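Engineer: Just dropping this structure here.
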């Protein structure tokens with residue numbers, strides 16, 4: 001018997017015999033489509049696992065199912081050392097209804113983001129983070145705790161603690177980082193607190209886990225594993241990045257299914273003194289549905305943040321089943337496509353401005369000149385990867401002559417400088433999880449930035465799955481509305497059928513040209 005299609009994960013832990021039977025079938029099949037949607041806790045061992053765990057399948061009567069790792073740990077179960085629950089993709093839920101549910105899901109997304117965690121020296125790291133989270137969401141911390149516990153059965157602090165501990169577990173298993181550095185990078189204010197929390201939850205001290213998490217006492221390989229749910233069209237994603245890469249900053253190797261690039265993280269998002277620079281190499285392992293991530297040693301203190309940004313850049317947490325349920329009828333050839341993200345939001349925003357009303361190749365040429373003129377050198381293991389993209393401070397101070405000599409027209413010059421000044425001054429934040437409405441409004445208020453650019457940034461930087469650049473000419477052609485009196489309006493009206501996954505619909509339309517067989521609402525408008 002085949003397991004059912006992966007369901008949209010519920011936000012509450014309620015007994016459901018039929019649902020649990022379906023989950024058990026997924027465990028029997030080790031179906032990677034369910035990875036991250038639920039965890040199986042085994043009462044006879046006290047361990048909880050991912051659905052893809054390779055150990056012998058437990059008896060049905062010994063299984064309990066949880067939507068979140070925090071729920072399993074709150075019930076007294078420990079994470080499996082073989083399948084490693086910390087590697088599972090996040091289960092992201094998007095809805096346009098149920099305000100409390102949306103608030104809870106947004107809170108979960110923010111608690112998963114290491115840049116919300118306090119600096120290592122901050123006192124009361126748990127309560128401080130929950131208070132900051134409530135303030136960011138515009139509610140009281142009491143209200144946040146109430147709806148969080150009602151929906152998920154755990155408190156925000158319990159969820160945060162599980163997230164930190166699983167992050168630490170991954171770093172202990174996959175890297176040679178000292179335990180002290182692991183503790184601080186995972187958001188704990190001291191090694192003492194980290195050791196107490198770790199042994200209290202897992203029954204092991206960190207050094208014991210490191211020994212048990214490696215083979216025959218071998219040292220960690222410094223290769224981090226990041227899982228995804230199939231299907232995943234890896235060649236299409238790499239081709240998208242390759243067409244837009246700036247030599248020196250990025251290097252895509254399609255034959256090796258590998259992407260490498262240099263990175264810069266400002267002190268404002270790491271809590272460390274000064275900026276952090278380095279490089280990473282991400283290789284796709286299709287057989288195991290994983291990305292194998294290696295980084296420079298310089299990024300070790302901020303690895304949780306790097307992991308989070310790489311996951312967003314490669315769209316590893318996408319739920320193909322939920323997306324395809326809405327889009328497959330209209331774009332049947334795009335079931336494995338992902339929305340390419342960005343490691344650095346400011347860099348992507350500058351790319352978007354450079355790409356206004358010109359071809360991808362022309363925008364790449366302008367960006368290459370910008371990198372070579374204003375980017376900084378950096379050493380990596382590969383001679384061809386040797387430049388950092390210019391900082392917001394550098395571009396904020398750039399004059400018209402400098403940018404003009406690169407071939408950038410005056411309107412784009414003004415937009416880039418205004419964008420750089422807003423980011424450098426802290427009035428504009430460009431990262432996943434930022435408020436979509438206020439951020440796009442702030443972007444459109446800048447000179448030379450309109451709705452197309454703001455929606456493109458929302459799609460790739462803010463990771464908003466329902467972004468829709470209605471004025472995109474290539475999109476009009478793909479949807480067959482370019483001859484309509486108001487093609488942007490026609491495309492926008494047709495796109496309502498694809499909510500809340502319009503960002504993915506855009507990628508599918510761009511990739512396929514005119515959709516095969518359908519998009520009935522668009523075709524009816526274009527007659």
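Engineer: Only helical DSSP H runs with n ≥ 4 go in: add -39500 (n - 2.57) per run for the chain, normalise by residue count and round the 222 nm mean residue ellipticity to 500 deg cm²/dmol.
Structural biologist: Calculated from helices alone, the mean residue ellipticity at 222 nm is -13500 deg cm²/dmol.
Engineer: Could you give the nm distance between label points at residue 29 and residue 382, where each point is 7 Å from its Cα heading toward the beta carbon?
Structural biologist: Simple spin-label model gives 3.7 nm for this pair.
Engineer: Between residue 43 and residue 394, how many nm apart are label points set 7 Å from Cα along the C-beta direction?
Structural biologist: Inter-label distance under the simple model: 6.1 nm.
Engineer: Given the peptides 332-344, 274-286, arrange them by the average over their residues of other C-beta atoms within 10 Å, most packed first.
Structural biologist: The peptides rank, most packed first, as 332-344, 274-286.
Engineer: Follow-up question, since we're still on this one. P(r) tail for region 17-86, what percent of Cα pairs lie past 17 Å?
Structural biologist: Numbers: 722 of 2415 pairs.
Value for region 17-86: 30 percent of Cα pairs lie more than 17 Å apart.
Engineer: Which of the peptides 346-355, 315-324 is most tightly packed, and how do the rest follow, judged by the mean count of other Cβ atoms within 10 Å per residue?
Structural biologist: Highest mean packing first, the order is 346-355, 315-324.
Engineer: Principal axis extents for region 460-504, Cα atoms only, whole Å, descending order, please.
Structural biologist: 31, 19, 14
Engineer: Let a ≥ b ≥ c be the square roots of the eigenvalues of the Cα gyration tensor of region 259-309; is it rounded (a/c under 1.5), or, if not, prolate (a/b larger than b/c) or oblate?
Structural biologist: Here region 259-309 falls in the prolate category.
Engineer: Still on this structure, I have one more. So how do 459, 177 line up by other beta-carbon neighbours within 10 Å, fewest first?
Structural biologist: By the 10 Å Cβ count, ascending, the order reads 177, 459.
Engineer: Oh, and also: For q values of 0.12, 0.15, 0.19 Å⁻¹, compute log₁₀ I(q)/I(0) with the Debye formula on a Cα-only model of region 181-301, without solvent.
Structural biologist: Debye intensities relative to I(0), on a log10 scale: -0.64, -0.93, -1.17.
Engineer: Okay, next question. How high is the relative contact order of region 248-382, given as a whole-number percent (alpha carbon pairs under 8 Å, six or more residues apart)?
Structural biologist: Relative contact order, region 248-382: 15 percent.
Engineer: Test of understanding: what is the full-extension gain from residue 360 to residue 75, defined as 0.36 nm times their sequence separation minus their Cα-Cα distance?
Structural biologist: Separation in residues times 0.36 nm, less the Cα-Cα distance, equals 97.4 nm.
Engineer: For the Cα atoms of the chain, what angle does the longest principal axis make with the long axis of helix 502-512, in degrees from 0 to 90, nearest 10?
Structural biologist: It works out to around 60 degrees.
Engineer: Could you order peptides 295-303, 55-63 by the average number of other Cβ atoms within 10 Å of their residues, highest first?
Structural biologist: Output ranking for 295-303, 55-63: 295-303, 55-63.
Engineer: Now for a separate question. Which whole-angstrom value gives the distance between the alpha carbon centres of region 181-211 and region 47-71?
Structural biologist: Between the Cα centres of region 181-211 and region 47-71 lies a distance of 24 Å.
Engineer: So what is the relative contact order of region 99-212, in percent, for Cα pairs below 8 Å that sit 6 or more residues apart?
Structural biologist: Relative contact order, region 99-212: 26 percent.
Engineer: Would you mind calculating the gained length between residue 485 and residue 61 on full extension (0.36 nm times residue separation, minus the Cα-Cα distance), in nm to one decimal?
Structural biologist: Between residue 485 and residue 61, full extension yields 146.4 nm more.
Engineer: Across all directions of projection, what mean area in square nanometres is found for the Cα convex hull of the chain?
Structural biologist: Mean projected area for the chain: 24.6 nm², to one decimal.
Engineer: So how far apart, in nm, are the two label points at residue 140 and residue 510 if each is 7 Å from Cα heading toward Cβ?
Structural biologist: My value for the distance between the label points is 4.5 nm.
Engineer: How high is the FRET efficiency from residue 247 to residue 410, r the C-beta distance, R0 22 Å, rounded to 0.05?
Structural biologist: Calculated transfer efficiency: 0.25.
Engineer: Can you tell me how much longer the chain between residue 268 and residue 54 gets when fully stretched, taken as 0.36 nm per residue apart minus their C-alpha distance, in nm with one decimal? Please list the in-between numbers first.
Structural biologist: Numbers: separation 214, 0.36 × 214 = 77.04 nm, distance 4.12 nm.
Working it through step by step, the gained length comes to 72.9 nm.
Engineer: Right, here's the next one. Take every Cα pair under 8 Å in the chain that's 6+ residues apart, average their separations, divide by the length, and report that relative contact order as a whole percent. Provide the component values of the computation, followed by the final result.
Structural biologist: Working: 869 pairs, mean separation 59.1, N = 527.
Relative contact order comes out at 11 percent.
Engineer: Please figure out what share of the DSSP beta bridges in the chain is antiparallel and state it in percent, rounded to the nearest 5.
Structural biologist: On the way: 31 of 35 bridges.
If we restrict to bridges inside the chain, about 90 percent are antiparallel.
Read-outs: derived from the displayed coordinates by stated rules, not from any lab. Owing to the predicted nature of the structure, the values given are computational and were not obtained by experimental measurement. No Cβ is skipped: glycine too gets one built from the backbone with ideal geometry, and neighbour counts run over all protein chains shown.
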